[in-house]
Every structure is written in structure tokens, then in C-alpha cells.
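The values are calculated or read from the model by the stated rules, or taken from the named source; none is laboratory data. Values in this document were obtained by computation on a predicted structure and should not be read as measured data. Virtual Cβ from ideal backbone geometry, glycine too; neighbours counted across all protein chains shown.
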Amino acid sequence: MPRPPLSTENALAELRLTTRADHDRIDHLLRLAEPMPLERYAAILSGFDAFLRVWEPRVHAALPERLQGWFRARRRGGFASADVEWLRCVAGIEPWAGSACQAATIPLGELAEVLGSLYVIEGSALGGRVIAPQLKRTLGLDQGRGASYFHGFGGETGVMWSNFRVLASLEIGDSSRDMVRACQSAKRTFAALTDLFAPLAPAAEAAPAAAAAPQRIAPALLAACGEDDPDATRPAPLDDEVDLPVDVEFDEDDTVLDIPLEVPDEGNPDTVRMPL
């Protein structure tokens, strides 16, 4: 008997479930929640700048015309470029000359793949709500003074993330095939970022091998999709159905933030409690 398609309410939950290990891997590599010297911060910022210079034009071109204006209004690459230039001119720090060729290898041929890749970059903006205040406190950086990228759209960041969640759920719909495509693209985007920032790993520890990470897409989703994907790993299903976490809506005044690039709180695997 065929399995029923997953509901649209589970689209973002499935993306979180599939990429949880990738979140942890890039978080451990960048250590953005820890104090850092200005030179390391400049290298991280230069990496994002180089990545977005390649990735944003590709995403814009891959989106249907009806969504291109929506995307233009939320591009953050210009913020990163301005910060790199400020650090060069004011702080005298030359940009890190890392290659962003990984951004050109992410498959963006289908809308579901674009949405999966967007999930990674859009979700990372939430982390800026915690990172920006720390940069001001430890390095004296602020919006317009080397920290515009992590400041992002300020108080509008939460609203823009909610807007993306709704859009992604509507566009993916109940298509199991599209959900698999979105999950695979999200993982490949994380892998590209991990490869990009691998030179920043501490010398004493080996950089994580992004290519070796299994897909970990829910077995029920792969079964519903019905395709034999050589990149996917099918762990043994626990039951006929897989329970996925449910998104919890929160107000701006709440202290629970859904920050994909942070280590999950043990009490709730999908959120981290942060003071605002």
C-alpha cells in the first residue's frame, strides 16, 4: 500500500531533520558564537562575500520571474562586500583570497533545489541576531562598521524568515520528489560552505569531510519519492510512519529562536534558547 505524501507543514521540519548534522559541522568549523581575533572574522566575512558573489546571481537566474523581485529584496551579498571593503580601508585588513568555486557546483536546475539552497542561507541570517551584538561587544563592529552582513535586516529578520518558510512550504507542496530535491540541495549547500571554510579549521584538528556525510533523508520520504538516488542513505525505518518535529510559532518577544547554525538545545532539538 503506497504511503501518503508528507504534508506541507513538514517541509521545513524535514529540511531541519535532514541537515541537522550539517548545521553542527559548519557551526563547529566557524565557531561564530566564540570571541575571535579581527583577522579570523575578516577571513570568515571574505569567505561569505566570495560565496555570495557566485551564489546569488545563480539563484536569481534560476528562480522563476515571479520570484525574482522577492529575492532581490533579501540579498545580503552587498552587505558582506561593504564589510570587507570597510575592514580593508579602515582596519587595514586584506581580504582572504579563498576560492568560492564550490558555489558554482550546487545544482539549481529545479525550483525545489533553489529553495533547499535558500533554506541554508536564509536560515543563517537568524544567527546574526546573536552574532551581531557579540561583534559589537568584542570587536567594536556595528552596522556600517564592518558588521552589516551579520546585522542583516535587523528587526525584520524574523519576519523575513517566516515569509520564506511560508513560501517554501507552498512551492514544495505535497510533492515527495520536490522535498527530496530540496533536502539534497540544502545538504550540498552546507557541503560547499564547509569545503570553502575548511582552511579555517584549527591546525590541530582535521577539517570535517563534507563529502563523506550521509544524506539522512527520512526513509518514509524516500519511499514516497520512489527513486533510487545514489547520494541518499536509507536508514532502517522505525515504523510505517516517521514522526517529524512540528514548527512552533513564536512572537518577537519570546526568547526561543530557531537558529539553524547553533547547537540544538537538549530539551528541544530544533531550537536554542538565547537571551535577546
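Residues in segment 91-114 include none that are aliphatic (A, V, I, L, M), touching a Gly at 6+ places or on another chain (Cβ under 6 Å) and buried (at least 22 other Cβ atoms within 10 Å of the Cβ).
What's the number of the condition TYR119 fails, among (1) surrounded by 15 or more Cβ atoms within 10 Å (Cβ to Cβ); (2) at pLDDT below 95; (3) hydroxyl-bearing (Ser, Thr, Tyr)? TYR119 satisfies all of (1) surrounded by 15 or more Cβ atoms within 10 Å (Cβ to Cβ); (2) at pLDDT below 95; (3) hydroxyl-bearing (Ser, Thr, Tyr) except (2). The condition of being under 19 Å from TRP161 (Cβ atoms) and under 19 Å from the mean Cα position of the chain (by Cα) holds for only one of ALA50, ALA80, that being ALA80.
Give the residue that is nearest to GLY140 (Cα to Cα), with candidates limited to residues of segment 57-66 that are of a type outside the set (Asp, Glu) and free of Cβ contacts under 8 Å to residues at least 12 places away in the same chain. Talk me through it step by step, then tell me what you get.
Taking segment 57-66 and keeping what is of a type outside the set (Asp, Glu), we get 57-64, 66.
Next, only the ones that are free of Cβ contacts under 8 Å to residues at least 12 places away in the same chain stay: 57, 61, 66.
Working: PRO57: 32, ALA61: 37, ARG66: 40 Å.
Out of the qualifying residues, it is PRO57.
Determine which member of the set GLN143, GLN134 is without any contact (Cβ under 8 Å) to a residue 24 or more places away in the chain and polar (S, T, N, Q).
Numbers: GLN134 fails: without any contact (Cβ under 8 Å) to a residue 24 or more places away in the chain.
Step by step, each of GLN143, GLN134 is checked, and only GLN143 is without any contact (Cβ under 8 Å) to a residue 24 or more places away in the chain and polar (S, T, N, Q).
Residues checked against (1) over 18 Å from the mean Cα position of the chain (by Cα); (2) of a type in the set (Gly, Ala, Ser); (3) outside any helix (DSSP H, G or I):
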residue	(1), (2), (3)
GLY123	no, yes, no
LEU126	no, no, no
VAL130	no, no, no
GLN134	yes, no, no
ARG137	yes, no, no
THR157	no, no, no
MET160	no, no, no
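Taken over segment 78-113, the residue count meeting the criterion of being part of a helix (DSSP H, G or I), touching a Pro at 6+ places or on another chain (Cβ under 9 Å) and within 30 Å of LEU141 (Cβ to Cβ) is 4.
Do we find a residue being over 23 Å from THR194 (Cβ atoms) and at pLDDT 95 or above anywhere in segment 45-62?
Applying the first criterion (over 23 Å from THR194 (Cβ atoms)) to segment 45-62 yields 60-61.
Checking the rest, the ones that are also at pLDDT 95 or above come to 60-61.
Taking every residue of segment 45-62 in turn, at least one turns out to be over 23 Å from THR194 (Cβ atoms) and at pLDDT 95 or above.
In segment 31-45, what residues are more than 18 Å from VAL130 (Cβ to Cβ) and surrounded by 18 or more Cβ atoms within 10 Å (Cβ to Cβ)?
Restricting attention to segment 31-45, the residues satisfying the condition of being more than 18 Å from VAL130 (Cβ to Cβ) are 37-39, 42-43.
Matches in segment 31-45: ALA42, ALA43.
Name the single residue, out of those in segment 140-167 being of a type in the set (D, E, K, R) and crowded, with 17+ Cβ neighbours inside 10 Å, that is nearest to ASP49 (Cα to Cα).
Filtering segment 140-167 for residues of a type in the set (D, E, K, R) gives 142, 145, 156, 165.
Then drop every residue that is not crowded, with 17+ Cβ neighbours inside 10 Å, which leaves 145, 165.
On the way: ARG145: 16, ARG165: 24 Å.
Within segment 140-167, the match that is nearest to ASP49 (Cα to Cα) is ARG145.
Given the criteria part of a loop (DSSP other than H, G, I, E, B), modelled with pLDDT of 95 or more and closer than 21 Å to MET160 by Cα, does ARG75 qualify? Working first, answer last.
On the way: part of a loop (DSSP other than H, G, I, E, B): yes; modelled with pLDDT of 95 or more: yes; closer than 21 Å to MET160 by Cα: yes.
Criteria met by ARG75.
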